[in-house]
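The values are calculated or read from the model by the stated rules, or taken from the named source; none is laboratory data. None of the values given here were measured: they were computed from a predicted structure. Ideal geometry is used to build each Cβ from the backbone, glycine not excepted, and the neighbour counts take in all protein chains shown. Only protein heavy atoms, including side chains, enter the accessible area calculation; ligands, DNA and RNA are left aside. Shrake-Rupley method; radii C 1.70, N 1.55, O 1.52, S 1.80 Å.
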Amino acid sequence: MGMVPHRIGRLRGGPMATPSDPMPRMNRSTHGNRPKAGIAGEALVVDVIRRIEPGFDIIQLVTAFLTGGVALVLIYRHERLTMAAIDILAMVSCILLFLFRRRIPIGTRVFVTLMLLLLFGANSLLTSGFMGNGLMALAMGVLLAVSFLRRSFAILHAVLSLLPLVLMTAAVSLGRFMLPATLTARLNSPFDWLLQTISLTLFAFIAFFSIRFIRNALVETIGHLHDKVDELEKTREDVDHLAYYDALTGLPNRYRFAQDVDAQIQQGLAKASLLLFDIRDFRSVNMHLGADHGDRILKRFGETLLSRANESFLPARIGGNEFALWLHETDEHVINDDLAASLTKLRLALAQDGLFNDFRFYVPKSRYPEDGGSFDACYRSASMALKSAKQEQRNGLYPYKPAMAESFKREAHIKVLLEPAIRQRQFQIVFQLKQDVERMRPLGMEALCRWHTPTLGSIPPSEFLPIIAHTHLAEEFHEMILLQTLDEFARIMPALPTTQRLSINLSPLFFLHPGFRRLLMQALEERSIPADRIMLEITEEVMVSDLAKLRDRVEALRSSGIGISLDDFGSGYASLQYLTDVTFDEIKIDRAFIRKIDENDQAYALLQAIISIGRLLGCQVVAEGVETQAQARRVQAAGCFVMQGYLYARPVPADEVIALMRG
């Protein structure tokens with residue numbers, strides 16, 4: 001009958017669909033392959049029809065009631081029994097359609113109901129004229145046709161509904177048909193039949209345009225809602241992807257990685273290893289080659305891991321330059337071979353892309369179930385191993401050891417003690433002399449910090465300073481130590497030779513802090529300490545922070561008379577370029593070289609090179625950590641004559657410095 005659902009069937013490429021068939025679902029993962037607007041609109045009409053199907057069930061029951069009621073009246077009055085039989089047939093048909101509504105497509109039900117209403121309407125007009133339900137039946141049929149049929153078929157049905165009235169008008173006008181007198185002669189007037197024909201025609205027009213307008217508006221609204229639902233669905237998919245995957249590398253993030261690992265553990269996995277990959281000194285790569293270059297390296301690393309991903313090789317990006325890998329393998333030899341192959345492949349890929357590939361990895365490892373029974377526990381163990389690897393500067397695979405947990409427990413205890421210690425100024429300042437071994441006289445002193453606690457005893461600076469650097473207390477601590485050091489020096493300065501300089505160690509962040517220079521100059525002025533009596537020691541780590549800012553800061557301080565010393569030279573950050581870009585007054589050789597010069601000719605050669613570089617740059621060179629006569633002789637033979645270490649003087653409180661100077 002030209003129902004809208006029949007056209008929808010052709011969208012699916014198979015047999016023609018009926019209204020009872022489920023609507024084809026839109027593939028939300030391919031939003032660009034939507035049906036065309038017109039076809040999609042008809043699909044929405046089908047959706048609307050399916051939603052109002054319960055209302056159509058009520059219409060069928062009403063139709064059955066009307067036809068049955070009229071049939072009973074005719075039978076009761078023994079009038080036109082043939083017509084009564086037709087009404088009974090219509091009633092039974094409507095009841096059957098209602099009872100079997102789940103099996104009969106709605107298109108078939110609408111078509112049969114329309115024909116029954118047309119038959120019943122015509123029959124009622126012939127039986128009772130305008131006193132019966134004929135007009136109401138025809139009008140109801142018009143409404144159903146306009147609501148459920150395509151436009152052409154709805155118009156055809158409206159014409160068929162008007163046909164009985166037109167024929168009755170003609171028949172009455174020509175005297176070929178006459179209703180019984182009991183129904184009043186008025187109904188035998190051709191004018192009345194013509195008027196009712198016109199009325200039904202107007203009703204059909206009004207119904208057609210109003211219902212079509214409402215339905216089209218409804219379809220358009222539902223279409224917009226479908227579009228919004230699709231957009232929301234796509235947005236939800238995007239949000240889900242962002243929530244579970246890293247945007248740069250495409251690897252699972254920590255949250256998704258934890259879910260995958262825990263899922264394998266819950267499924268009864270016997271053993272596995274969790275590896276973390278931390279690119280060493282990656283910050284310097286970003287600093288000198290640019291963040292975009294660094295991102296391309298990370299992306300390529302992610303692609304290398306992702307290319308091997310499977311159930312027993314789960315990679316992830318935890319954050320920054322840290323990656324993770326879950327392996328169904330615990331043998332270190334097998335893992336080392338696997339890592340070597342993967343990193344070789346990565347470096348070749350980076351080289352082909354023209355990217356920096358000369359870097360090293362910290363690769364801490366924890367084992368399941370020995371080092372943890374869940375992802376969180378294994379990750380906690382691996383993180384401890386990572387921190388230990390960084391402290392010891394250990395590249396490559398670095399397994400977790402239970403002793404690390406005790407070490408980090410101690411670190412947590414130190415963190416608890418730090419804040420009250422800073423507030424109560426529990427730190428002591430001591431001084432260690434620098435010795436001119438040619439003239440055998442002190443050239444100055446370095447301020448050092450000591451901390452003694454009631455519960456843990458003496459804690460060395462090498463232990464508590466790195467902890468402070470990663471807390472909110474760092475700035476407050478360094479400011480307190482600076483002012484306390486200047487207080488101690490101001491107290492003993494009048495008794496010292498004017499050539500004696502005080503060296504003060506500073507953290508990179510504190511040295512580059514915007515308010516540092518103003519704080520220092522004000523503190524010196526308040527204590528009447530000449531600027532040329534101060535030497536500030538900064539480590540090579542400050543070089544990778546902000547070279548331009550560092551250069552400006554150094555020049556400003558040197559112009560005020562303050563000396564600048566490069567401490568721990570050779571520990572891994574500085575390069576000759578830095579030494580040419582920034583002017584230093586002093587270079588202090590890292591104690592690691594001094595410890596090795598007795599037994600390592602290469603270390604001794606490096607020591608000689610550093611001393612030569614220092615002389616060429618016009619810097620005073622100081623050897624730190626000289627503890628034996630053999631070391632002193634080797635350092636002196638290499639051309640360095642200023643030394644600092646236990647061989648010449650141990651760190652002492654300010655009151656003992658004057659005695660050492662005189663001795």
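Please specify each residue of the stretch 580-608 satisfying the condition of being under 26 Å from residue 501 (Cβ atoms) and not in a helix (DSSP H, G or I).
Passing the criteria: 582, 583, 584, 585, 586, 587, 588, 589, 590.
Kindly check whether there is at least one residue in the stretch 324-346 that is touching a His at 6+ places or on another chain (Cβ under 9 Å) and not small (Gly, Ala, Ser).
The answer is no, given that none of the residues of the stretch 324-346 is touching a His at 6+ places or on another chain (Cβ under 9 Å) and not small (Gly, Ala, Ser).
For the stretch 255-336, list the strands (runs of 3 or more DSSP E) that sit wholly inside it and hold at least 3 residues that are open to solvent by 20 Å² or more (accessible area, probe 1.4 Å), under 22 Å from residue 373 (Cα atoms) and not polar (S, T, N, Q); which are they? Can you show your working first?
On the way: elements: 272-279, 313-319, 322-327.
Qualifying strands (runs of 3 or more DSSP E): 313-319.
Restricting the search to the stretch 608-626, which residues are among the β-branched types (Val, Ile, Thr) and under 51 Å from the mean Cα position of the chain (by Cα)?
First pass over the stretch 608-626, keeping only residues among the β-branched types (Val, Ile, Thr): 610-611, 613, 621-622, 626.
Hits for the stretch 608-626 are 610, 611, 613, 621, 622.
What single numbered condition from (1) in contact with a strand residue (DSSP E or B) (Cβ under 7 Å, 6 or more places away or on another chain); (2) outside any strand (DSSP E or B) fails to hold for residue 458?
Failed condition: (2).
Count, please, the residues in the stretch 494-518 that happen to be under 13 Å from residue 531 (Cβ atoms) and assigned to a helix (DSSP H, G or I).
1
Pull up the stretch 531-550, narrow it to residues that are at pLDDT 90 or above and part of a helix (DSSP H, G or I), then point me to the one that is surrounded by the fewest Cβ atoms within 10 Å (Cβ to Cβ).
In the first step, residues of the stretch 531-550 are kept if they are at pLDDT 90 or above; the result is 531-538.
From the residues that got through so far, the ones that are part of a helix (DSSP H, G or I) too are 531-533.
On the way: 531: 16, 532: 13, 533: 20.
Filtering first and then ranking leaves 532.
Do you know which residues across the stretch 609-633 are open to solvent by 40 Å² or more (accessible area, probe 1.4 Å) and not aliphatic (A, V, I, L, M)?
Of everything in the stretch 609-633, those that are open to solvent by 40 Å² or more (accessible area, probe 1.4 Å) and not aliphatic (A, V, I, L, M) turn out to be 612, 615, 618, 620, 627, 628, 629, 633.
For the subset of the stretch 569-587 comprising residues that are among the β-branched types (Val, Ile, Thr) and surrounded by fewer than 19 Cβ atoms within 10 Å (Cβ to Cβ), which member is modelled with the lowest pLDDT?
Pass one, the stretch 569-587, residues among the β-branched types (Val, Ile, Thr): 580, 582-583, 587.
Filter once more, so that each one left must be surrounded by fewer than 19 Cβ atoms within 10 Å (Cβ to Cβ): 580, 583.
Values: 580: 79, 583: 91.
For the stretch 569-587, the residue satisfying everything is 580.
Take the stretch 382-421 and flag every residue that is within 23 Å of residue 334 (Cα to Cα), touching a Ser or Thr at 6+ places or on another chain (Cβ under 6 Å) and open to solvent by 10 Å² or more (accessible area, probe 1.4 Å).
Listed by number, the list holds a single entry, 400.
Taking the conditions exactly as written (among the small types (Gly, Ala, Ser), exposed (fewer than 13 other Cβ atoms within 10 Å of the Cβ), without any contact (Cβ under 8 Å) to a residue 60 or more places away in the chain and outside any loop (DSSP other than H, G, I, E, B)), does residue 637 satisfy them or not?
Working: among the small types (Gly, Ala, Ser): yes; exposed (fewer than 13 other Cβ atoms within 10 Å of the Cβ): yes; without any contact (Cβ under 8 Å) to a residue 60 or more places away in the chain: yes; outside any loop (DSSP other than H, G, I, E, B): yes.
Judged against the criteria, residue 637 is a match.
State yes or no: is residue 566 modelled with pLDDT of 95 or more, over 40 Å from the mean Cα position of the chain (by Cα) and surrounded by 20 or more Cβ atoms within 10 Å (Cβ to Cβ)? Can you show your working first?
Details: modelled with pLDDT of 95 or more: no; over 40 Å from the mean Cα position of the chain (by Cα): yes; surrounded by 20 or more Cβ atoms within 10 Å (Cβ to Cβ): yes.
Against the criterion (modelled with pLDDT of 95 or more, over 40 Å from the mean Cα position of the chain (by Cα) and surrounded by 20 or more Cβ atoms within 10 Å (Cβ to Cβ)), residue 566 does not qualify.
Condition first: in contact with a Lys or Arg (Cβ under 6 Å, 6 or more places away or on another chain), assigned to a helix (DSSP H, G or I) and free of Cβ contacts under 8 Å to residues at least 60 places away in the same chain. Can you find one or more residues in the stretch 86-101 that meet it? Give the derivation first.
The first filter runs over the stretch 86-101 and keeps only residues in contact with a Lys or Arg (Cβ under 6 Å, 6 or more places away or on another chain), leaving 97.
Applying the additional criterion that residues be assigned to a helix (DSSP H, G or I) yields 97.
Retained after the next criterion (residues that are free of Cβ contacts under 8 Å to residues at least 60 places away in the same chain): 97.
Within the stretch 86-101, one or more residues are in contact with a Lys or Arg (Cβ under 6 Å, 6 or more places away or on another chain), assigned to a helix (DSSP H, G or I) and free of Cβ contacts under 8 Å to residues at least 60 places away in the same chain.
Answer yes or no as to whether residue 186 is among the basic types (Lys, Arg) and either at pLDDT below 70 or open to solvent by less than 50 Å² (accessible area, probe 1.4 Å) (or both). Lay out the reasoning, then the answer.
Values: among the basic types (Lys, Arg): yes; either at pLDDT below 70 or open to solvent by less than 50 Å² (accessible area, probe 1.4 Å) (or both): yes.
Spelling it out, residue 186 is indeed among the basic types (Lys, Arg) and either at pLDDT below 70 or open to solvent by less than 50 Å² (accessible area, probe 1.4 Å) (or both).
Those residues that are of a type in the set (Lys, Arg) and surrounded by 14 or more Cβ atoms within 10 Å (Cβ to Cβ), I need them from the stretch 422-434; list them, please. It would help to see each step written out before you state the result.
Residues of the stretch 422-434 of a type in the set (Lys, Arg): 423, 425, 434.
Within the stretch 422-434, 434 is the sole residue that qualifies.
How many residues are charged (D, E, K, R), under 17 Å from residue 485 (Cα atoms) and open to solvent by less than 40 Å² (accessible area, probe 1.4 Å) when one looks only at the stretch 435-456? Walk me through how you get there before you give the answer.
Filtering the stretch 435-456 down to residues charged (D, E, K, R) leaves 436, 438-439, 441, 446, 450.
Within this subset, residues satisfying the condition of being under 17 Å from residue 485 (Cα atoms) are 446, 450.
Filter once more, keeping what is open to solvent by less than 40 Å² (accessible area, probe 1.4 Å): 446.
Going through the stretch 435-456 one residue at a time, the tally reaches 1.
Could you check, for the stretch 62-78, whether at least one of its residues is open to solvent by less than 20 Å² (accessible area, probe 1.4 Å), under 18 Å from residue 164 (Cα atoms), touching a helix residue (DSSP H, G or I) at 6+ places or on another chain (Cβ under 9 Å) and at pLDDT 75 or above? Walk me through how you get there before you give the answer.
Going residue by residue through the stretch 62-78, those that are open to solvent by less than 20 Å² (accessible area, probe 1.4 Å) are 63-64, 67-68, 71, 74.
Then drop every residue that is not under 18 Å from residue 164 (Cα atoms), which leaves 67.
Remaining after also requiring touching a helix residue (DSSP H, G or I) at 6+ places or on another chain (Cβ under 9 Å): 67.
From the residues that got through so far, the ones that are at pLDDT 75 or above too are none.
No, the stretch 62-78 contains no residue that is open to solvent by less than 20 Å² (accessible area, probe 1.4 Å), under 18 Å from residue 164 (Cα atoms), touching a helix residue (DSSP H, G or I) at 6+ places or on another chain (Cβ under 9 Å) and at pLDDT 75 or above.
When you go through 152, 147 one by one, which is the residue that is within 60 Å of the chain's Cα centre (by Cα), at pLDDT 75 or above, hydroxyl-bearing (Ser, Thr, Tyr) and open to solvent by 10 Å² or more (accessible area, probe 1.4 Å)?
152
Return the residues of the stretch 340-384 that are acidic (Asp, Glu) and closer than 18 Å to residue 308 by Cβ; say none if nothing qualifies.
Within the stretch 340-384, the first condition is being acidic (Asp, Glu), and the residues that meet it are 353, 358, 370-371, 376.
Across the stretch 340-384, there are no qualifying residues.
Quick check on residue 475: is it open to solvent by 70 Å² or more (accessible area, probe 1.4 Å), of a type in the set (D, E, K, R) and at negative phi?
Working: open to solvent by 70 Å² or more (accessible area, probe 1.4 Å): yes; of a type in the set (D, E, K, R): yes; at negative phi: yes.
Yes: the conditions hold for residue 475.
For the structure I just gave you, tell me whether residue 316 is within 21 Å of the chain's Cα centre (by Cα), farther than 30 Å from residue 547 by Cβ and in contact (Cβ under 8 Å) with a residue 24 or more places away in the chain.
Numbers: within 21 Å of the chain's Cα centre (by Cα): yes; farther than 30 Å from residue 547 by Cβ: yes; in contact (Cβ under 8 Å) with a residue 24 or more places away in the chain: yes.
Yes; evaluated as a whole, the condition is true for this residue.
Of the residues in the stretch 462-481, how many are part of a helix (DSSP H, G or I) and more than 16 Å from residue 523 (Cβ to Cβ)? Full working, then the answer.
From the stretch 462-481, those part of a helix (DSSP H, G or I) are 462-469, 474-481; that's our starting set.
Still in the list and also more than 16 Å from residue 523 (Cβ to Cβ): 462-469, 474.
Residues in the stretch 462-481 being part of a helix (DSSP H, G or I) and more than 16 Å from residue 523 (Cβ to Cβ): 9 in total.
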